[in-house]
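**Q** Next up is a structure, given as structure tokens.
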Amino acid sequence: MSLKEIYSKAKNGEDSLNSKNSNPKEVFLKEKESCEGPFYHIMGNINDSALIEIDNLFAVADNLSIKNANMHKKILLALSILGPLISVVFFLYFEGEIHGMILLCTILIGILYLIHRQSNRLDCHRKYLEYRVLAETLRAQFFLSIKGSKVQVAEIMPWFIKQGIPWIGEILKTLPLDEVKETKDIIYFWVFDQKAYHEGALLKAEAKRERQKKITKMAIYLTVSAYIIGLIFETIMYVHSPDVEAHLIRLGLKIIIGFMSVSTIFLESYYGKMSLSETINDHKRMIALYTKIGKDILKKGETEEILLYLANQFLIENSTWYAYQSKNKAELVF
């Protein structure tokens, strides 16, 4: 979705519907009615009406979370680029005495403000996180229910989620918990499937962290090189006083050093908001958890004790993810 679409979406009234003064539960239920696919389901070939309702609600929450996550990432990228860019443009105006740059700087600041304003109105960061928490609690409820468990996930959610996002518990308590007609084994759909997901996500997160490290190293090397070149140049100028136009050379060095400095702001504001270290550790913990549970199930079977342990640990990890991702809201960067 383009920046033009971001503005259009907010302008058309979604900002008023989803403002921070709105009830999050009501906002979700209204968005649920107008939600369009694609939808991903927990399992196929489900005949039980209670399980179908849980699965359909999961599909909507998952869909809305993904859409809001994509919007949040686009806004984050735009703000991360515009902030440092404004610094570079102002530097060209101030040091390079390119007077027209002050007009461009003003326009960029206006665009930055509008994007940040629409970000707050769309509230996509909050919805991305809360809808994901809802989807994962529904996943846990689905698998407990399909095994015939009477446990309500709303009752075993971590206190942090119960207090921080109470509307999720309200949604969960409206779900039917009728006894399922036919129980099914869930080791492939919950344990092995989710383990495979985290293994793939871990590789992607590690690739992003390696890319961040390479870009950071490049920025550091270029900055240090520019300082060294500047030192050599000034030493030559001081000792030999050659007949050269030193002003343009100094300006070029200042621009390079300034650009490298603001690039670190971009790296911090964009990659820093991804919480890559925490995400990588999160995936590793979940892989270890599913490995342990898989071994326990193969040894003892899908006992209620094992499944409840898995559900509890699953919900705890979900709340941990929510806690560190909550700090990554898009912010103005200069």
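**Q** Of everything in segment 42-65, what is open to solvent by 30 Å² or more (accessible area, probe 1.4 Å), touching a residue at least 24 places away in the same chain (Cβ under 8 Å) and assigned to a helix (DSSP H, G or I)? Give them in sequence order.
**A** Result: 49, 53.
**Q** Scan segment 301-322 and give yes if some residue there is open to solvent by 30 Å² or more (accessible area, probe 1.4 Å) and either over 19 Å from residue 153 (Cα atoms) or of a type in the set (Lys, Arg) (or both), otherwise no.
**A** no
**Q** Ok, one more. Within the group 207, 196, which residue is surrounded by fewer than 12 Cβ atoms within 10 Å (Cβ to Cβ) and not polar (S, T, N, Q)?
**A** On the way: 196 fails: surrounded by fewer than 12 Cβ atoms within 10 Å (Cβ to Cβ).
Result of the check over 207, 196: 207.
**Q** If you don't mind, another one. Between 216, 279, which is open to solvent by 30 Å² or more (accessible area, probe 1.4 Å), at pLDDT 75 or above and of a type in the set (Ser, Thr, Tyr)?
**A** Being open to solvent by 30 Å² or more (accessible area, probe 1.4 Å), at pLDDT 75 or above and of a type in the set (Ser, Thr, Tyr) holds for just one of 216, 279, which is 216.
**Q** Could you please find all residues in segment 289-324 being of a type in the set (Gly, Ala, Ser) and closer than 18 Å to residue 164 by Cα?
**A** 319, 323
**Q** Checking the conditions here, which among 308, 289 is hydrophobic (A, V, I, L, M, F, W, C), more than 18 Å from the chain's Cα centre (by Cα) and more than 16 Å from residue 195 (Cβ to Cβ)?
**A** Step by step, each of 308, 289 is checked, and only 308 is hydrophobic (A, V, I, L, M, F, W, C), more than 18 Å from the chain's Cα centre (by Cα) and more than 16 Å from residue 195 (Cβ to Cβ).
**Q** Return the total of residues in segment 165-192 being loosely packed, with under 15 Cβ neighbours inside 10 Å and without any contact (Cβ under 8 Å) to a residue 24 or more places away in the chain.
**A** 4
**Q** What is the residue count in segment 97-124 for residues that are of a type outside the set (D, E, K, R), in contact (Cβ under 8 Å) with a residue 60 or more places away in the chain and open to solvent by less than 20 Å² (accessible area, probe 1.4 Å)?
**A** Number satisfying all stated conditions: 5.
**Q** What's the number of the condition residue 141 fails, among (1) surrounded by 19 or more Cβ atoms within 10 Å (Cβ to Cβ); (2) in contact with a Gly (Cβ under 8 Å, 6 or more places away or on another chain)?
**A** (2)
**Q** Right, something else. Being in contact with a Ser or Thr (Cβ under 6 Å, 6 or more places away or on another chain) and either of a type in the set (A, V, I, L, M) or open to solvent by 80 Å² or more (accessible area, probe 1.4 Å) (or both) is the requirement here; does residue 75 meet it?
**A** yes
**Q** Scan segment 195-253 for residues that are under 30 Å from residue 289 (Cα atoms) and hydrophobic (A, V, I, L, M, F, W, C) and report the count.
**A** Number of matching residues: 6.
**Q** Another question, then. Of the numbered conditions (1) at pLDDT 80 or above; (2) under 27 Å from residue 91 (Cα atoms), residue 257 fails exactly one; give the number of that condition.
**A** (1)
**Q** I'm checking my understanding of the structure. Among residues of segment 63-103 that are among the β-branched types (Val, Ile, Thr) and either modelled with pLDDT of 90 or more or farther than 15 Å from residue 263 by Cα (or both), which one is nearest to the chain's Cα centre (by Cα)?
**A** Looking at residues that are among the β-branched types (Val, Ile, Thr) and either modelled with pLDDT of 90 or more or farther than 15 Å from residue 263 by Cα (or both), I get 66.
**Q** Right, next: I'd like to verify a number: residues in segment 145-163 that are open to solvent by less than 70 Å² (accessible area, probe 1.4 Å) and in contact (Cβ under 8 Å) with a residue 24 or more places away in the chain, how many?
**A** Looking only at that region, the number is 12.
**Q** Run down 229, 215, 168 and say which single residue is within 30 Å of residue 145 (Cβ to Cβ) and of a type in the set (A, V, I, L, M, F, W, C).
**A** 168
The values are calculated or read from the model by the stated rules, or taken from the named source; none is laboratory data. Note that the structure is predicted; figures quoted are calculated from it, not measured. Note that we place each Cβ from the backbone using ideal geometry, even for glycine, and neighbour counts take in every protein chain shown. For the accessible areas, the whole protein counts, side chains as well, though only heavy atoms, and no ligand, DNA or RNA atoms are used. Shrake-Rupley method; radii C 1.70, N 1.55, O 1.52, S 1.80 Å.
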